[in-house]
Amino acid sequence: MRKLTYYIACSLDGFIGDPGGDGSAMVRFADEEFVAFVKAEYPETLPTHVRRALGIDDLPNKRFDTIIQGRGSYDVALKEGITSPYAHLREYVASSTLKESPDPNVEIIADDLVGKVRELKAEDGEFGIYLCGGSKIAGELLDEIDELVVKTYPMVYGAGMPMFGSGLAISEFTLESVRTFGNALVRTYSRKR
């Protein structure tokens, strides 16, 4: 069974973005040491155009071969004219409003997100599934998440988009590792079953 990993950036107060969902204020904290870590451990989590700009487009996937993201996350790329932001992965976008995919490499999941994720997890393969965000689909998929990789940056939003949509039951994870960088902390948790 393949793992679903929610790999996400957040503020000290647990927000993945401002009230509109914009998390770009955290990007400035990704220093050289942290970027080297991402390139070495999670290169496939960088969008294809960023990989090209960093000269790492040819790096093989380390952990994931599939990405699931919400419409809000996908819209960030669409606003830049990028219809396949993770062309090096199998791409899925969970959306009840986007009726047709603007790119043949991107499949829209319009309903039964949990069923589709269970189907993907049941596939054979050495790589896992990268849950990119956002808050709403992370909440819908909470029971399916096997691993959390939380990148915490030294800032406080005060209000914004939480890591998980509201109205959830208590779920427990076990801390597996903590890595510190000059401007970031990366905690990895596994699902406590």
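One table, with the values for the structure above:
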quantity	calculated
Additional length obtainable on full extension of the chain from ARG118 to ASP31, 0.36 nm per residue less Cα span	27.7 nm
In nm, spacing of pseudo-spin labels at ASP111 and ASP143 (7 Å Cα→C-beta vector)	1.9
Cα-centred dipole magnitude for the chain, charges only on beta-carbon of K, R (+1) and D, E (-1), debye, nearest 20	300
Region 104-125-region 9-43 distance, computed between alpha-carbon centres (Å)	26
Alpha-carbon spread of region 117-193, three principal axes, descending order, Å	38, 29, 21
Nearest-0.05 FRET efficiency for ASP13 and VAL50, computed from C-beta distance (R0 30 Å)	0.70
Aspartates and glutamates whose Cα lies under 15 Å from that of LYS121, excluding same-chain neighbours fewer than 8 positions away	ASP65, GLU91, ASP112, ASP143, GLU144, ASP146, GLU147
In sequence order, calculated HN-Hα J values of region 87-95 (Karplus, 6.51, -1.76, 1.60; Hz; x Gly/Pro)	4, 7, 10, 6, 10, 10, 10, 7, 7
Local electrostatic count at ALA184 - Lys and Arg +1, Asp and Glu -1, tallied over other residues with Cβ under 15 Å	+1
Loop trypsin sites (Lys or Arg not before Pro), region 20-111 (other Cβ atoms within 10 Å of the site Cβ: 16 or fewer; DSSP)	LYS62, LYS99
Accessible area of region 1-140 divided out per residue, in Å², using a probe of 1.4 angstrom	49
Net charge of Cβ neighbours under 12 Å - reference LEU142; Lys, Arg +1; Asp, Glu -1	-3
Heavy atoms of GLU123: accessible area, 1.4 Å probe, square angstrom to 10	60
Projected area, mean over directions - region 1-86, Cα convex hull, nm²	6.7
Bins of 10 Å from zero: percent of alpha-carbon pairs in the chain	9, 36, 42, 13, 0
Distance violations [Cα-Cα > 24 Å] among LYS3/LYS39; LYS39/LYS99; LYS99/LYS151; LYS62/LYS151	LYS39/LYS99; LYS99/LYS151
Highest-first arrangement of 155-162, 110-117, 126-133, where packing means the average Cβ count within 10 Å	126-133, 155-162, 110-117
Net lengthening on full extension, MET1/ASP57 (0.36 nm per residue, minus Cα-Cα)	17.4 nm
Beta bridges per DSSP with both ends in the chain, % antiparallel, nearest 5	40
Net charge contributed by nearby residues that have their C-beta within less than 15 Å of LYS99 (K/R +1, D/E -1)	-4
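The values are calculated or read from the model by the stated rules, or taken from the named source; none is laboratory data. Owing to the predicted nature of the structure, the values given are computational and were not obtained by experimental measurement. Please note: Cβ atoms are built from the backbone with ideal geometry, for glycine as well, and neighbour counts cover all protein chains shown. Quick note on the areas: whole protein, heavy atoms, side chains included, nothing else; ligands and nucleic acids left out. Shrake-Rupley method; radii C 1.70, N 1.55, O 1.52, S 1.80 Å.
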